[in-house]
Every structure is written in C-alpha cells, then in structure tokens.
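Before any comments, here is the structure.
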Amino acid sequence: MRITIQSIWLHRVGFAYSLTPQLVVRANYGFFYAPPTALGVNNNTGSPFSLQVQIIGSTATPVPVASGFPVGGIYTTLASNGIAPVEYQNHYDTPVVEKFGLNLQYQQFNKTAVEFGYEGNHARGLDESWQLNFPTPGPGDINARRPYPLLAEGAGTILNGESFFNAFDATLRQQTVHGLSVQSSLTVEHSYGQNGITNPYNYSYSCGRLASDYGNQWVTSVIYNVPTPRDLQLVARQLLTGWQTSGIVQLRGGLPFSVASSQIMNDDLNASRANIIGPRNPSLPSGQRSIDNWFNANAFSMPDNYTYGNSGINILRGPGFSEVELALRKQLHPRRSL
C-alpha cells in the first residue's frame, strides 16, 4: 500500500472588517486535514508463526482470482470458501475538510452584542469499511452468487466517503450588567453524506442525512451574582456575601433514524430498509406522536424478498432532548491569623 505524504501547507484565509463602529463582518475559508483511520493487518491466529503462499503467473499463463487456488498439495487446503480476502486501496491520501463561514456582529449597547452567522464544511476522501466479495441478494447457494465463489466474504477499506455540513446560528451575548450575564445561541443545521456502506454495489443507497444531525439546537446560559446587603456584621457578611447562581437550558432536536424491514436478504447477511408508499414525509404532527405511534407506519410496506427498500436513510427523527442545569455557589474568604 502506498501512502501519500502531503504537504503540511494548506490554504486558509480570514478577515474582519468594521462596517460601522457597531457592526463587524468576519469571514473565513480554508482547508484542514481530517484524522485518518489507522490501517493494519496482523496475524492474530497463528502468531508468532505464519505461512505465505505465492502463485506467480505471466501474460502467457495468467492467474485469475476468480479461479481460486490450484489443486494439489497445500493448494487443496487453501481452496476453501472459508478464506476471506482483505483489500485496501493502493493510493491512500489524507482526508481533507474544506471549511467556510460568514459572521455579522452588531453591538448596539456597550455590553450587549448580537451575532448572525453561517458555517459550513465539506469533507472528502473519508475512509469507509465495506464488504468484499459480497453475494448479490437472491435465493439458493450464497457462494455461487459471490464475484469470487471460491473465496469467502471479506472486508476492505475504500476512501470515497464524503460529508457536507451547513449551519445558521444566532447568538446573544451580554456581559455582566447589575450582576447578570447571559449567552444564548440558536443553531439550525443540516448535515448529509455517506452513512457507511449497506449495499456494496450501490454506494448511494447509504447517502443521506447523517445520524449525528440534530437539526435545531438552542442553548442558553445565565450567571447572576447575588447582591450583598450593606452594613453587615462580620458573621452575617460571611454567610450572605459571595453567592452566585447559574443555569443552563439546552434544547435539541431528535436524532434521525430509518425504517428497517425484515424481508429475506441472503440469509440475514445484510439489512435493508422498508419501501415507502405513502407521502414522502411520513412524520406525524407533534400533537399526534406517542411512544407507540411515532410516525405514519401506513406510509411503509415490506419490500419483496432479496430486494432493497426504496425509502431513504434517516428520513425520520426521534424524540428531542431537553436539559436544565442549576447551580448555586458561594465564595469563601477565610481569614488567617498570625
């Protein structure tokens, strides 16, 4: 395997410009390396001993992989469909992420600022694991439907993964005024790309909304320094001063999911999704959802055996997430006597 060592220099640019004393615009664009997955093969069954067998062909007498191992001697033992091939791409470039963004910040008051922004990225060359020598769905002998019937199903890594992320956000920042500081952010995001490889013969079957896409997020944090009454005695001052309260409210949309199906697919060697026969958006109104009836089940049907369902991946969303955290803190200033 050949690994390409790329230059560490990547193009990046950014600027900030004050349109008025209260309004600032910022923008950025650049490329970043994404951490690649470590690839390795080890002998975990016969260590510290291993056996390597070479079959050398020529242009006159080629050795096609589909023919399997020759007959005779050790090749008779190797000619078994229990041997699983492993494959890696010969050319392995480091994945790259292209990032870009635009932000407007407006400060009408001395300690209060409002921001509106857009952030996006495009990652490409991501590594994906896929099933090698996978049988096409169908009845009968599984090995007969493999591209190389004399070998078992293996695994490989292909570097064609791709993802896209786009997000719009609005943020309010207020520095401490009369003991109160607030920060509140609303984000509307959409991310899509490759969700693994379900069908090795159709990569686009697993393309769609990413499983980590929350859709909408709102986070607000508040800190309040409790004022201290004046003219307190020593004991009362120790008890009533230095108090601070804080809270965080976090609301998120539900994570996406797909509707699976249970038709026969290669003796359960792989999964599929259901067919969609109703409206393209099978979600129910929020007032009609329950734990037993979260989406319109009548919009789906079971595909025929040995066929992949036509519904998209991650077209539905699960329940949202909400969290409230409260804290009360007191600062102590112990006195030290000599």
Which numbered condition in (1) of a type in the set (Val, Ile, Thr); (2) surrounded by 14 or more Cβ atoms within 10 Å (Cβ to Cβ); (3) in contact with a Gly (Cβ under 8 Å, 6 or more places away or on another chain) is the only one that Ile223 fails?
(3)
Those residues of region 101-115 which are modelled with pLDDT of 90 or more and exposed (fewer than 14 other Cβ atoms within 10 Å of the Cβ) amount to Lys111
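Considering every residue within region 164-177, establish whether at least one is surrounded by fewer than 16 Cβ atoms within 10 Å (Cβ to Cβ) and not in a strand (DSSP E or B). Working first, answer last.
Narrowing region 164-177 to residues surrounded by fewer than 16 Cβ atoms within 10 Å (Cβ to Cβ): 164, 166, 168, 170, 172, 175-177.
Cutting the leftovers down to not in a strand (DSSP E or B) gives us none.
Within region 164-177 (the criterion being surrounded by fewer than 16 Cβ atoms within 10 Å (Cβ to Cβ) and not in a strand (DSSP E or B)), the answer is no, since none of the residues qualifies.
Counting only residues that are of a type outside the set (Val, Ile, Thr), assigned to a loop (DSSP other than H, G, I, E, B) and surrounded by 11 or more Cβ atoms within 10 Å (Cβ to Cβ), which one in region 69-87 is modelled with the lowest pLDDT? Quick ask: steps written out before the conclusion?
Step one: list which residues in region 69-87 are of a type outside the set (Val, Ile, Thr), which gives 69-70, 72-73, 75, 78-82, 84-85, 87.
Among the residues that remain, those that are also assigned to a loop (DSSP other than H, G, I, E, B) are: 69-70, 72-73, 79-82, 84-85.
Those left that are additionally surrounded by 11 or more Cβ atoms within 10 Å (Cβ to Cβ): 69-70, 79-81, 84-85.
Values: Phe69: 67, Pro70: 69, Ala79: 62, Ser80: 65, Asn81: 67, Ala84: 75, Pro85: 76.
Out of the qualifying residues, it is Ala79.
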Considering Ala60, Ala34, Ala66, which residue is out of contact with any His (no Cβ under 6 Å at 6 or more places or on another chain), among the aliphatic types (A, V, I, L, M), under 30 Å from Ser163 (Cα atoms) and at pLDDT 65 or above?
Ala34
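Give region 182-204 a look and list any residue that's outside any loop (DSSP other than H, G, I, E, B), of a type outside the set (Val, Ile, Thr) and in contact (Cβ under 8 Å) with a residue 24 or more places away in the chain, or say none.
Step one: filter region 182-204 for residues outside any loop (DSSP other than H, G, I, E, B), giving 182-194, 203-204.
If we keep only those that are of a type outside the set (Val, Ile, Thr) too, we end up with 183-186, 189-194, 203-204.
Answer for region 182-204, where residues must be outside any loop (DSSP other than H, G, I, E, B), of a type outside the set (Val, Ile, Thr) and in contact (Cβ under 8 Å) with a residue 24 or more places away in the chain: Gln183, Ser184, Ser185, Leu186, Glu189, His190, Ser191, Tyr192, Gly193, Gln194, Tyr203.
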If you scan region 129-141, which residues turn out to be surrounded by fewer than 16 Cβ atoms within 10 Å (Cβ to Cβ) and outside any loop (DSSP other than H, G, I, E, B)?
Ser129
Answer yes or no as to whether Ile223 is over 28 Å from the mean Cα position of the chain (by Cα) and under 30 Å from Glu153 (Cα atoms).
no
Looking at Phe165, Phe134, which is the one that is under 20 Å from Phe31 (Cα atoms) and touching a residue at least 24 places away in the same chain (Cβ under 8 Å)?
Phe165
Read through the list (1) more than 30 Å from Ser181 (Cβ to Cβ); (2) surrounded by 14 or more Cβ atoms within 10 Å (Cβ to Cβ); (3) over 25 Å from the mean Cα position of the chain (by Cα), then give the number of the only condition that Ser246 fails.
(1)
Can you name the number of the only condition in (1) free of Cβ contacts under 8 Å to residues at least 24 places away in the same chain; (2) buried (at least 17 other Cβ atoms within 10 Å of the Cβ) that Ala144 fails?
(2)
Restricting attention to region 279-338, the residues that are part of a loop (DSSP other than H, G, I, E, B) and of a type in the set (Gly, Ala, Ser) number exactly 6
Quick check on region 265-273. Is at least one of its residues assigned by TED's automatic domain parsing to the domain that holds Cys207, under 23 Å from Asp213 (Cα atoms) and in contact (Cβ under 8 Å) with a residue 40 or more places away in the chain?
no
From (1) surrounded by fewer than 16 Cβ atoms within 10 Å (Cβ to Cβ); (2) of a type in the set (A, V, I, L, M); (3) out of contact with any Phe, Trp or Tyr (no Cβ under 8 Å at 6 or more places or on another chain), pick out the condition that doesn't hold for Leu126.
(1)
Inspect all residues belonging to region 115-128 and state whether any of them is touching a helix residue (DSSP H, G or I) at 6+ places or on another chain (Cβ under 7 Å), of a type in the set (S, T, N, Q), part of a strand (DSSP E or B) and touching a residue at least 12 places away in the same chain (Cβ under 8 Å).
no
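The values are calculated or read from the model by the stated rules, or taken from the named source; none is laboratory data. Not measured: the values here are computed from a predicted model. Because the Cβ atoms are built from the backbone with ideal geometry, glycine has one as well, and the counts that use them run over all protein chains shown.
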